[in-house]
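> Take a look at the following structure, please.
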Amino acid sequence: MIHLSRRAALARTCAALVAPILLLPACGDATQSADAAGSGGDTRNDRPRIALVMKTLDNPFFAEMARGAATAERDTGVNLSIAAARSETSIDQQIAIVGNFIDEKVAAIVIAPSDSVKLVPALVAAKAAGIKVVNLDNRLDPEFARQSGLGTVPFIGIDNVRAAHAAAHALSADLGTPAEAAIIEGIRNAANNQARKLGAIKGFAENANVRLVASESANWLRDEAASTTRSILAAYPGLKLLFCANDMMALGALDTLARLERTDVVVAGFDNIPEVEPALRSGRLAVTVDQRAAEMGRKGVEAALNLIRGQAVPAETIIETRVVTSRELRR
């Protein structure tokens, strides 16, 4: 198997040349053509072919998810194909990837959708083609899914409200003087973003000294978060607390804070990607949330295989999270 860090680097190179990133197969030669690996059905020793469709591989969170899925491929013997769009905002590319896998007649699609609504029609088409569907990370809109004929799709993810509440609480619990707080959101139509925003609001509300003054979207992206942080600070120069709905945006916020030499703003992230560990250990980042992305990817492939076999799969599987603080790492 090719080490995933090499694969992720290859994916980033390919992203500059083609619209969607396509990695086929997960445990084969990275130079194999899509035609050879994706001719439909069970191409390797009649193993069921499962497609993992992610938002991007530019975010290390999804590289971890892919690593967990690859572990499940090895353990279960399925034929795993991994694909992702160029970025987390490339919703049309992700829809096109689903369409490609429908054409290739995969047995199942395991998807972390960029948008909770816009991916539903493509998944309805997958279901109509007899393809099993499993939903990871960002929950599909259940009402729209029902109205569209998709029905209930097994969901594997975390309790985002609870996790964000815990992170915002950890960020603000010890504050004894009045302080302004802000939230940097991901894609606003994404269910996980909405849940994290709600959780952060609840966490901040537990301290009467905290006043939430702004909540702006940076679409999960580091560069956008850097500029959004600058705009928030321009409007609220006395800002002291900043909750970011993922770690990439937290890193963007920290980039801006470093350029402005602002050491008085306490920042929380979400995902616990390896790239934030130095910031946690130095105290520049106060809090993040470990979602256990690899476990999410592993369970997604296992659930898809069970569906293919006609076995029962829970409607919802919640992965336990852990709040990681700078304070605990610096002890």
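Since every read-out is calculated from the coordinates, none of them should be taken as a lab result. Every value quoted in this text rests on a predicted model; they were computed, and no experiment measured them. Reconstructed Cβ throughout: ideal geometry from the backbone, glycine too, with neighbour counts over all protein chains shown.
> Please report, largest first and rounded to whole Å, the three semi-axes of the ellipsoid equivalent to segment 170-326, where each semi-axis is the square root of five times an eigenvalue of the C-alpha gyration tensor.
Rounded to whole Å, the semi-axes are 32, 16, 15.
> Follow-up. What number do you get for segment 139-225 when its Cα radius of gyration is normalised by 2.2 N^0.38 Å, N = residues?
That ratio works out to 1.28.
> In Å and on Cα atoms, what radius of gyration and Dmax does the chain show?
When restricted to Cα atoms, the chain yields Rg and Dmax of 20.1, 65 Å.
> Sticking with this one: For the cross-link pairs Lys118/Lys202; Lys132/Lys202; Lys55/Lys127; Lys105/Lys197, which exceed 32 Å when the distance is taken from alpha carbon to alpha carbon?
Pairs exceeding 32 Å: Lys132/Lys202; Lys105/Lys197.
> Further question on the same structure: Ordered by packing density, taken as the mean number of other Cβ atoms within 10 Å over each peptide's residues, highest first, how do 155-161, 286-292 rank?
Ranking the peptides 155-161, 286-292 by packing returns 286-292, 155-161.
> Could you tell me how far the Cα centroid of segment 61-93 sits from the Cα centroid of segment 229-263, in Å?
Each part's Cα centre sits 31 Å from the other's.
> When a footprinting reagent is the concern and you count Cβ atoms within 10 Å, what order do Glu104, Glu206, Glu143, Glu185 take, fewest first?
Exposure proxy ranking, most exposed first: Glu143, Glu206, Glu104, Glu185.
> Here's another thing I want to ask about it. With a bin width of 5 angstrom, please list the P(r) values of segment 207-265 as percents of all Cα-Cα pairs, from the 0 bin to the one holding the largest distance.
Bins of 5 Å from zero give 5, 20, 33, 25, 13, 4, 0 percent of pairs.
> Let me ask you something else. Place the peptides 64-76, 229-241 in order of packing, highest mean first, counting for every residue the other Cβ atoms within 10 Å and averaging per peptide.
Result, highest mean Cβ count within 10 Å first: 64-76, 229-241.
> Quick one: order Glu88, Glu277, Glu224 by neighbouring beta-carbon count within 10 Å, fewest to most.
With the fewest neighbours first, Glu88, Glu277, Glu224 line up as Glu277, Glu224, Glu88.
> Mind checking the full-extension length gain between Asp174 and Glu277? Use 0.36 nm per residue of separation minus the Cα-Cα distance, one decimal, nm.
34.8 nm
> Of all beta bridges DSSP finds with both residues in the chain, what is the antiparallel percent, to the nearest 5?
So the antiparallel bridges amount to about 15 percent of the total.
> Also, I was wondering about something else. Please arrange Phe101, Phe204 by how many other C-beta atoms lie within 10 Å of their C-beta, fewest to most.
Neighbour counts put them in this order, fewest first: Phe204, Phe101.
> Over what distance in Å are the Cα centres of segment 94-163 and segment 277-295 separated?
29 Å
> Right, something else. Find how much the distance from Tyr236 to Arg262 grows on full extension, using 0.36 nm per residue of separation minus their present alpha carbon separation; answer in nm with one decimal.
Net length gain for the segment: 8.1 nm.
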